[in-house]
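Student: A single structure is presented below for examination.
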Amino acid sequence: MRYALRFTKKAQKDINSLSLKLKNKAKDILRNKIAHEPYLGKPLVGGLKGYYSVRLSYQDRIVYRIEEEQCVVLIVRAKTHYGE
């Protein structure tokens, strides 16, 4: 089953600010991994319980939530949380 991908404004801004190489890597991860098997990401804990994370680079992560009833994956962030 393929999930639809939706982006928050923050996630879209994060993706637009990535280098071309990381943008292409993010597209590949989103289309070929997360859209098909979203539960392969790392489940987050604490304040982000219910969200999942996939590594994009050493610092950057794609953070998302799965909305099972609508078959949607909501991309929340796509950049680092370090230094913010």
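Student: Residue by residue through segment 41-49, what is 3J(HN,Hα) from phi via Karplus (6.51 cos²θ - 1.76 cosθ + 1.60, θ = phi - 60°)? Round to whole Hz and write x for glycine and proline.
Tutor: Once θ is set to phi - 60°, the couplings for segment 41-49 become x, 7, x, 8, 10, x, x, 9, 4 Hz.
Student: Still on this model: What list of ³J(HN,Hα) couplings, whole Hz, do you get for segment 59-74 from phi and the Karplus terms 6.51, -1.76, 1.60, once you set θ to phi - 60° and write x for glycine and proline?
Tutor: These are the phi-based 3J(HN,Hα) values: 9, 8, 10, 9, 10, 8, 10, 9, 9, 4, 5, 9, 6, 10, 10, 9 Hz.
Student: Rounded to the nearest 20 Debye, what is the dipole magnitude of segment 4-77 about its Cα centre when Lys and Arg each give +1 and Asp and Glu each give -1 at the C-beta?
Tutor: For segment 4-77, the charge dipole is close to 380 debye.
Student: Which Cα, out of His36, Leu22, Thr8, lies furthest along the positive dipole direction of segment 4-77 (beta carbon charges, K/R +1, D/E -1)?
Tutor: Leu22
Student: Under 18 Å from a point 7 Å along the Cα-to-Cβ line of Ser19: which residues of segment 41-78 have their amide N that close?
Tutor: Counting backbone N atoms under 18 Å from the label point, the list is 55-62, 78.
Student: Under a 5 Å amide H to amide H cut-off, with H placed in plane at 1.01 Å, what residues pair with Arg77 once short-range neighbours are removed?
Tutor: Residues meeting the criterion, in which the H sits 1.01 Å from N, are Val63.
Student: Across segment 19-36, in residue order, what do the Karplus-derived ³J(HN,Hα) couplings come to in whole Hz, using 6.51 cos²θ - 1.76 cosθ + 1.60 with θ = phi - 60° and x for Gly and Pro?
Tutor: Listing the rounded values in order: 5, 4, 4, 6, 4, 5, 5, 4, 4, 4, 4, 5, 6, 9, 10, 4, 5, 9 Hz.
Student: With each run of n ≥ 4 DSSP H residues scored as -39500 (n - 2.57), what mean residue ellipticity at 222 nm is computed for the chain after dividing by its residue count and rounding to the nearest 500 deg cm²/dmol?
Tutor: Calculated at 222 nm, the ellipticity per residue is -6000 deg cm²/dmol.
Since every read-out is calculated from the coordinates, none of them should be taken as a lab result. Bear in mind that the values here come from a model prediction, so they are computed numbers and not experimental data. Heads up, the Cβs are rebuilt from the backbone with ideal geometry, glycines too, and the neighbour counts pull from every protein chain shown.
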